[in-house]
Amino acid sequence: MAKIFLKGGTEHTLILGVREAYYQPFFATNWTDLRIGFFLSVTQAGADDTITGLTEEVGTPPLPMLPSSDRFALGIIDSATGRTFCGYSNIWTGPLNVSTIGTSKLVSSDGGITTSNAFFWRPTNEVSDLFSLRFLDGNVIRGRGGDGSQLHLPQDTVGAGGYATLVAMRFQRPNATGQARVITMTVKQGTHSGDILYTSTPTQAILETNLESFPTTVQQLGPVELSQVPDTLYAYWPFHNSRLRIHCYGFVKSG
């Protein structure tokens with residue numbers, strides 16, 4: 001089960017249990033510009049602060065069909081059905097709630113999609129390294145991200161520049177009434193990376209500053225009309241040998 005770990009003796013860090021989901025409802029009345037960010041890292045299944053030796057592949061290649069319990073997901077869902085998802089995932093094709101193709105992999109990586117160094121861990125799918133962002137609505141894929149949104153989590157804190165990665169998503173709507181279900185999602189667009197920064201001081205102040213000054217070079221999904229408006233944070237780590245750590249998360253309602 002999840003636990004609170006005192007990293008460095010003072011930082012309250014949420015560590016999810018192995019293959020455990022995290023749900024957190026939120027209230028942001030009549031938003032038209034909502035920004036959500038996380039400071040994240042991973043650690044071993046049996047050690048709260050050991051970030052090495054985490055390579056893993058879930059499923060037997062080539063190209064198995066795996067359930068959603070074997071897929072990484074980080075973003076927002078709706079509490080009414082749990083089937084509308086916007087955010088990061090290593091699903092290749094298909095909705096969040098049915099079996100989809102390809103093994104789930106946690107691989108050693110540089111800051112992109114190759115291995116010029118071993119500074120990071122990167123969740124991916126055996127089918128391709130190029131897609132990591134999704135709009136899912138029931139049994140329909142409303143949008144797929146392309147190359148440039150990959151997520152990386154430190155395995156070498158010196159080489160990475162810190163032990164936590166900041167990732168963020170921006171959700172926008174034309175208005176909060178008649179077009180409340182028409183949503184656009186943007187994340188930072190980089191060279192094989194959607195990470196905003198890496199740090200060993202994952203504070204609320206740093207998070208809020210970066211949400212306020214959201215990256216200007218972005219990858220966009222939508223606008224699409226969803227069946228439900230997401231209202232719950234959702235995080236799930238599908239691996240057996242590692243656990244997801246959430247150092248800090250927060251919201252900025254900019255409109």
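We did not get these values from a lab; they are worked out from the coordinates using the rules stated. Given the structure is predicted, the values throughout are model-derived calculations rather than measurements. Because the Cβ atoms are built from the backbone with ideal geometry, glycine has one as well, and the counts that use them run over all protein chains shown.
Across the chain, the fraction of Cα-Cα pairs farther apart than 25 Å, rounded to a whole number, is 38%. Rounded to the nearest 500, the 222 nm mean residue ellipticity of the chain from helices alone is -1000 deg cm²/dmol, with -39,500 (n - 2.57) taken per DSSP H run of at least 4 residues. Label zone of ALA45 (point 7 Å out along Cα→Cβ, amide N under 12 Å): in segment 112-147 this covers no residue at all. Straight Cα distances below 18 angstrom link LYS105 to the aspartates and glutamates GLU20, GLU56, GLU57, ASP70, GLU126, ASP129, ASP147, with same-chain residues fewer than 8 positions distant left out. So for ILE91, ILE4, fewest C-beta neighbours within 10 Å to most, what's the order? Taking fewest neighbouring Cβ atoms as first place, the list is ILE4, ILE91.
3J(HN,Hα) couplings calculated from phi for segment 14-29 with the Karplus curve 6.51 cos²θ - 1.76 cosθ + 1.60 (θ = phi - 60°) are, in sequence order, 7, 10, 5, x, 4, 6, 10, 8, 10, 10, 9, x, 9, 10, 9, 4 Hz; Gly and Pro show x.
Treating r as the C-beta distance of GLU11 and GLU212 and R0 as 25 Å, the FRET efficiency rounds to 0.65. Cβ-to-Cβ counts within 10 Å put SER68, SER200, SER213 in ascending order as SER213, SER200, SER68, the fewest first.
If R0 is taken as 30 Å, the Cβ-Cβ distance between GLN220 and THR177 corresponds to a FRET efficiency of 0.85.
Fully extending the segment from GLN204 to GLN228 would add 5.7 nm, taking 0.36 nm per residue of separation and subtracting the current Cα-Cα distance. If you sort the three axes of the alpha carbon gyration tensor as a ≥ b ≥ c, you get a/c of 1.5 or more for segment 8-109 and a/b no higher than b/c, which makes it oblate. Of PHE5, PHE72, the sequence from fewest to most neighbouring Cβ atoms within 10 angstrom is PHE5, PHE72.
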